[in-house]
1. For region 149-165, does any single residue satisfy the condition of being within 24 Å of G71 (Cβ to Cβ), loosely packed, with under 12 Cβ neighbours inside 10 Å and not polar (S, T, N, Q)?
2. Can you tell me which residue is modelled with the highest pLDDT among those in region 153-167 that are under 18 Å from P232 (Cβ atoms) and more than 30 Å from the chain's Cα centre (by Cα)?
3. Please return the ranges of strands (runs of 3 or more DSSP E) entirely within region 91-131 where 1 or more residues are in contact with a Gly (Cβ under 7 Å, 6 or more places away or on another chain).
4. Tally time: how many residues in region 94-134 are in contact with a Ser or Thr (Cβ under 7 Å, 6 or more places away or on another chain) and among the aromatic types (F, W, Y)?
5. Quick one: would you say D273 is surrounded by fewer than 18 Cβ atoms within 10 Å (Cβ to Cβ) and either in contact with a strand residue (DSSP E or B) (Cβ under 9 Å, 6 or more places away or on another chain) or among the hydroxyl-bearing types (S, T, Y) (or both)?
6. Would you point out the residue of region 224-265, among those that are hydroxyl-bearing (S, T, Y) and either surrounded by fewer than 21 Cβ atoms within 10 Å (Cβ to Cβ) or within 15 Å of the chain's Cα centre (by Cα) (or both), that is farthest from Q195 (Cα to Cα)?
7. Anything in region 211-223 that is out of contact with any Lys or Arg (no Cβ under 9 Å at 6 or more places or on another chain) and either crowded, with 21+ Cβ neighbours inside 10 Å or under 21 Å from G120 (Cα atoms) (or both)? List them, or say none.
8. Are any residues in region 81-115 under 23 Å from R246 (Cβ atoms) and of a type outside the set (D, E), and if so, which ones?
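The values are calculated or read from the model by the stated rules, or taken from the named source; none is laboratory data. Just so we're clear, the structure is a prediction, and the values are computed from it rather than from any experiment. Note that each Cβ is placed from the backbone with ideal geometry, even for glycine, and that neighbours are counted across all protein chains shown.
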Amino acid sequence: MKPRSLMFTLYGEYIQYYGGEIWVGSLIQLMSGFGISESSVRGAILRMVQKNLLKVRKKGNKSYYSITEHGKRRVDDGVTRVYAAPRAAWDGKWRILSYSFPEEKRELRNEIRKELTWTGFGMISNSTWISPNPLENQVMEMIKIYQIEENTILFSCSDVVSHTNDSIIEKGWDIGQVSDNYDKFIEKYSPEFEQLREKALTNTLTDEECFIKRTSIVHEYRKFLFQDPGFPRDLLPEDWVGTKARELFWNIHQLISIPSIRYFESIYESAPDQEIKPVRDKAINPFKEVYV
C-alpha cells in the first residue's frame, strides 16, 4: 500500500469529517498499522506538500496537515464515486473531450490523461475521450485548474453516426476485464465477510482490526475508480457483477464501521485552537442512494 494513496483514503474516509486537519503524529500512528514507517509517511507528506496536495499549519511545536483545494477535488470525486449508487437511466448524451498539446507540454498531456481516466472517461482515439455521464462541470473545472482552455474542446451529442453505442463502449473501455476484476474482488472478500461476521457475533473483533479492515477494503475498492467508468444501468450488461461487488463492499463496510470510527477517534488529534464538530453519522455511513 503506497503512503500517498493511503493518505487520500484516510482523508476521504475519516479526516474530512473531523475538521479536515490532523496532527502529523496521529497520521504516523494510523499509517503504522499498515506497515508504513514514520520516515515513509514524512517523505510522502513532503512530496504531497510540494505537489500542492497537502498544506501544513504550525501550532507550537506541532505540525497539522490538511488537504489543499487541489487535493480536495480528488478526494471529493473519489468519495462520491465510491459511495454513490449508479443512475438507472442514461440521458442519451455522450460527453466528448478533444485536445491538442504541443510536444513541450507532453507531461501536461499525460497528467490530463490520468485525470480523465480517473473521472471515468474512455479514450476512443489518441486525443479524443468520451463518457456517457454528466461530467461537464468536473471537466470544465479540470480545464480551468490546468489552464488548458486553448488546448481542449468539450462538447456533447446524442448521436454517433459512424458507430453504435455498444461499439463506442467497446472502443473506450475493457468492460470484460473490469468484470473479471470484480469477480476477483468478490472471491477475495466474500470469505473475509463471513469471518468478520462470525467474529462480530462472538464479540472478538477489536476496534483496531476493524479500522484496518475497513480502510483496506475501501483502499482496494477505490482501485475500481481507475477501471469502472460508472455507467448508468441502461448501458450495463444484465446481472452486472459490479452491483454484487458493491453490495459486498457495503455489507463489510457497515459491519465494521462503528468500531473503525471509534479507533480513529482514539488516535486522532486536532490542533488546540480548532473547535471540531465531527460529522460522525456521515463518517459511519457515507453511502448515497443516487449517483450525483
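1. Checked against the condition, which is being within 24 Å of G71 (Cβ to Cβ), loosely packed, with under 12 Cβ neighbours inside 10 Å and not polar (S, T, N, Q), region 149-165 yields at least one hit.
2. Only one residue fits best here, namely T164.
3. Details: elements: 94-99, 122-125, 128-131.
Those strands (runs of 3 or more DSSP E) span 122-125, 128-131.
4. 3
5. yes
6. Ranking the candidates gives T243 first.
7. Within region 211-223, K213, R214, T215, I217, V218, H219, K223 qualify.
8. R81, V82, Y83, A84, A85, P86, R87, A88, A89, W90
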